[in-house]
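Engineer: Would you mind keeping the following structure in view while I ask a few things?
The values are calculated or read from the model by the stated rules, or taken from the named source; none is laboratory data. Just so we're clear, the structure is a prediction, and the values are computed from it rather than from any experiment. A quick note on method: Cβ atoms are made from the backbone with ideal geometry, for glycine too, and the neighbour counts reach across all protein chains shown. Heavy atoms of the whole protein, side chains included, go into the accessibility calculation; ligands, DNA and RNA do not. Shrake-Rupley method; radii C 1.70, N 1.55, O 1.52, S 1.80 Å.
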Amino acid sequence: MAVPDFSVRRIREEVDTLTSLVIKPGYGLGSAGVDQDVLPDLQSLGLVENGRWKALAETFLWCEQPREWALEITTDPHFTAAGDRACTVIPEDVRAELTNLATITEENVASLLRFRLSRHDMLEAHSDGKPVRPPTR
């Protein structure tokens, strides 16, 4: 699916109503002007309904927020709550894989050392008799 090139702008005192539509504030997000041809895309993505931001827009705009809003998401209680929720409701198979990726076992270390030593042996074999410094632990 192609992602449309659009921008969401913070509303200042005047809006050119011929080229922009106003999205009313909601869920901690400010008013915004969007091009008329973009509004249906925002509605189909579930970000806007009845001219207001929907809850999903908050998460979306944390990633691609208008600079003018100067959102401080790391201190935003909604952001913190969403992060906590994401950590507690993570599916068990995803949690297991993350744990597997984050856990370094003795076998992982031994395997890496074997690989490094084999690379050292290969480099030494192709060094034309020049010394090759062994890998450090």
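Engineer: Give me the one-decimal nm value for the distance between modelled label points at residue 116 and residue 88, 7 Å along each residue's Cα-to-Cβ direction.
Structural biologist: Using points 7 Å along Cα→Cβ, the separation is 4.2 nm.
Engineer: Could you calculate the FRET efficiency of residue 67 with residue 36 from 1/(1 + (r/R0)^6), where r is the beta carbon distance between them and R0 is 25 Å, rounded to 0.05?
Structural biologist: The pair residue 67/residue 36 has a calculated efficiency of 0.65.
Engineer: Another question, if that's okay. Counting other Cβ atoms within 10 Å, which chymotrypsin sites (Phe, Trp or Tyr not before Pro) in segment 15-95 have at most 16 and lie in a DSSP loop? Mind dumping the intermediate values first?
Structural biologist: Details: sites: 27, 53, 60, 62, 69, 79; in loops: 27.
Those satisfying the criteria are 27.
Engineer: Ranked by accessible surface with a 1.4 Å probe, highest first, in what order do 90, 104 come?
Structural biologist: I get 104, 90, largest accessible area first.
Engineer: For segment 46-137, report the accessible area per residue in Å² (1.4 Å probe, heavy atoms, rounded to an integer).
Structural biologist: Accessible surface, normalised per residue, equals 80 Å².
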